[in-house]
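Colleague: Encoded as structure tokens, here's the structure I'll be asking about.
Read-outs: derived from the displayed coordinates by stated rules, not from any lab. Predicted model only: the values in this text are computed from it and were never measured. A quick note on method: Cβ atoms are made from the backbone with ideal geometry, for glycine too, and the neighbour counts reach across all protein chains shown.
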Amino acid sequence: MNLMNRLGALRSVITHPLLPALLRVALGAVFIVASLDKIQNPEAFATNIANYRILPYVLINGMAVWLPWMEIITGTFLVLGIWTRAGTIIACGLLVVFSIAIAQALVRGLDISCGCFATNPDSERMSLWTLIWDLIWLSWGILVWLFDHGHYSFSKLLNRRKGKITAP
């Protein structure tokens with residue numbers, strides 16, 4: 001099989017409606033799961049944020065309350081396929097910010113917990129794998145943004161029941 005055939009096969013897999021839909025749901029689930037412990041323990045999450053040493057102290061508590069709710073709302077939109085493009089842009093934006101925060105902490109040699117899924121400061125320490133996973137999830141978001149056209153979404157189901165077809 002030559003290179004052009006392989007690229008064509010890869011493109012057909014990536015653009016098939018099922019793959020972007022699965023990636024959208026998986027990315028949404030990541031955001032929902034990541035938000036749960038943070039919502040229950042905002043004080044501990046504030047400590048995680050402070051450990052990165054990049055935000056002014058005055059912003060830390062507000063961020064610790066606001067960010068998990070943004071994650072759970074974004075994740076829910078992605079899982080259900082509601083406002084997929086907006087949800088994907090928000091998810092990708094958050095992942096870029098998270099990746100920058102993780103990268104700067106790694107470069108500075110901070111020995112801290114990520115705070116990504118658990119707010120316990122003694123939970124798993126941040127490593128290069130933490131950054132790699134964020135970049136993988138970012139690539140999922142980019143694929144969803146490029147190729148998810150609303151197939152297998154709650155919005156599409158509602159539009160079918162109403163008898164009208166609209167753009168995703």
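Colleague: Give, in nm to one decimal, the length gained when the segment between Val97 and Leu22 is fully stretched (0.36 nm per residue of separation minus the Cα-Cα distance).
Modeller: That pair, Val97 and Leu22, stretches by 24.6 nm at full extension.
Colleague: Fewest first, what order do Thr130, Thr76, Thr119 take by the number of other Cβ atoms within 10 Å? Please report the intermediate quantities before stating the final value.
Modeller: Details: Thr130 20, Thr76 16, Thr119 23.
Least crowded to most crowded, the residues run Thr76, Thr130, Thr119.
Colleague: Can you list residues whose amide H is under 5 Å from Ser113's amide H, if they're 5+ apart or on another chain and H is modeled 1.01 Å from N?
Modeller: Sorted by chain and number, the residues that satisfy this are Met126.
Colleague: Which FRET efficiency, nearest 0.05, do Leu146 and Val33 yield, Cβ-Cβ r, R0 22 Å? All intermediate terms of the calculation are to be shown ahead of the outcome.
Modeller: Working: r = 24 Å, r/R0 = 1.11.
With a Förster radius of 22 Å, E is 0.35.
Colleague: I've got another one for you. Within 10 Å of each residue's Cβ, count the other Cβ atoms and sort Ser35, Ser12 from fewest upward. Kindly include the intermediate steps, with their values, before the conclusion.
Modeller: On the way: Ser35 22, Ser12 10.
If I rank by nearby Cβ atoms, fewest first, I get Ser12, Ser35.
Colleague: Express the Stokes-Einstein translational diffusion coefficient of the chain in µm² s⁻¹, to the nearest whole number, given a Kirkwood radius over alpha-carbon pairs, 25 °C and a viscosity of 0.890 mPa s. Present the calculation step by step, with values, prior to reporting the outcome.
Modeller: Numbers: Rh = 17.2 Å.
Here the translational diffusion coefficient equals 142 µm²/s.
Colleague: Still on this structure, I have one more. Treat the count of other C-beta atoms within 10 Å as a stand-in for reagent exposure and order Arg85, Arg125 from fewest to most. Intermediate values should be presented prior to the final figure.
Modeller: Details: Arg85 14, Arg125 11.
With the fewest neighbours first, Arg85, Arg125 line up as Arg125, Arg85.
Colleague: Label-point separation (nm) for Val65 and Trp83, each offset 7 Å from Cα along Cα-to-Cβ?
Modeller: About 2.1 nm, to one decimal.
Colleague: Right, another one. Roughly how big is segment 1-128's charge dipole about its Cα centre, with Cβ charges of +1 (Lys, Arg) and -1 (Asp, Glu), in debye to the nearest 20? Don't jump to the answer; show the numbers that get you there.
Modeller: On the way: 8 positive and 6 negative charges, 114 e Å.
Here segment 1-128 has a charge dipole of around 540 debye.
Colleague: At a Förster radius of 41 Å, what calculated FRET efficiency corresponds to the Cβ-Cβ distance of Leu3 and Arg125, to the nearest 0.05? Present the calculation step by step, with values, prior to reporting the outcome.
Modeller: Values: r = 41 Å, r/R0 = 1.01.
Taking R0 as 41 Å, the efficiency between Leu3 and Arg125 is 0.50.
Colleague: For each cysteine in the chain, check whether another cysteine's C-beta sits under 4.7 Å from its C-beta; list those where none does.
Modeller: Cys92
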